[in-house]
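Notes for the one structure printed next.
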Amino acid sequence: MARETKKQKKERAARAVELLKNIYPSSECALEYGGEAWKLLVMGRLSAQCTDARVNIVCRTLFQKYPSAEALAEAPLSDIEEIVRPCGLFRTKAESIKAACAKLCYEYNGVLPSTMEELLTFPGVGRKIANLLLGDIYKMPAIVADTHCIRICGRLGFYPTTLKDPHKVEIIMSELVEPIEQSDFCHRTVMFGREYCMARSPKCSDCPLGEICKEKS
């Protein structure tokens, strides 16, 4: 079998984008942040090794008690820890959330920066969260290489399924998916990963992306 060219991969990626649009016309972020950048900053940090559903539940309590970034920045660390405990790694997460909110308020006057370089200086923020923020808040090209994106794009054959490095996946997919489609594409892979392409027992026989899936073929 001939090796797939970059052009062919881009064409297949474009088809994946269109198929996912047909399945999921809406591409909203699974984290219920209500359009407020500081909330997404907090929720993105809490989502590490935790489900979005649990983060949404925990943050209803957190944001009710501390309804602004400044309120969180001034909150007792022990109180934040107790609230976010169900999300796991609660001490580390609480500390970085409090520090990130303080940085946002006192260094950036409450306005989230719009560059990868600046976002990476925030406590607890890596490339995945930074891309989520850039894509959702600023509508910039951004590949959020979470577990769903890594698994699904690997199975589709855009890179070997053994590749698990988020940064390498981000680079590869950012060259294959059109910039304007990147953020929505990643949100849709999350939905697709939960409904069809689960880590275990994927629904390959019913897969609506079967026509372009290298693993299925």
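Observations on the model:
- Rounded to 10°, Cα long-axis angle of helix 166-176 versus longest principal axis of the chain: 50
- Highest-first arrangement of 128-137, 186-195, 23-32, where packing means the average Cβ count within 10 Å: 128-137, 186-195, 23-32
- Between helix 127-138 and the chain: long-axis angle, C-alpha atoms, 0 to 90°, nearest 10: 80
- Against the compact-protein benchmark of 2.2 N^0.38 Å, the Cα-based radius of gyration of the chain scales to 1.07.
- Radius ratio Rg over Rh of the range 37-138, counting only Cα atoms, Kirkwood formula for Rh: 0.92
- Working note: Debye formula, equal point scatterers on the alpha-carbon atoms of the range 133-217, no solvent; log10 I(q)/I(0) at q = 0.13, 0.25, 0.27 Å⁻¹ is -0.38, -1.30, -1.43.
- Estimated purely from DSSP H runs of n ≥ 4, each contributing -39500 (n - 2.57), the mean residue ellipticity at 222 nm for the chain is -17500 deg cm²/dmol once divided by its residues.
- For Lys203, the lysines whose Cα falls under 16 Å of its own Cα, not counting residues fewer than eight places away in the same chain, are Lys214, Lys216.
- For q = 0.28 Å⁻¹, Debye-computed log10 I/I(0) when each Cα of the range 1-59 counts as one equal scatterer: -1.03
- Helix axis angle, 182-195 relative to the chain longest principal axis, alpha carbon, degrees: 80
- Exceeding the 23 Å Cα-Cα cut-off - candidates Lys9/Lys168; Lys103/Lys168; Lys128/Lys168: Lys103/Lys168
Values quoted throughout were computed directly from the atomic coordinates according to the rules given, and no laboratory measurement underlies them. Just so it is clear, the structure is predicted and the values come from calculations on it, not from any experiment. Backbone-built Cβ (ideal geometry, glycine too); neighbour counts: all protein chains shown.
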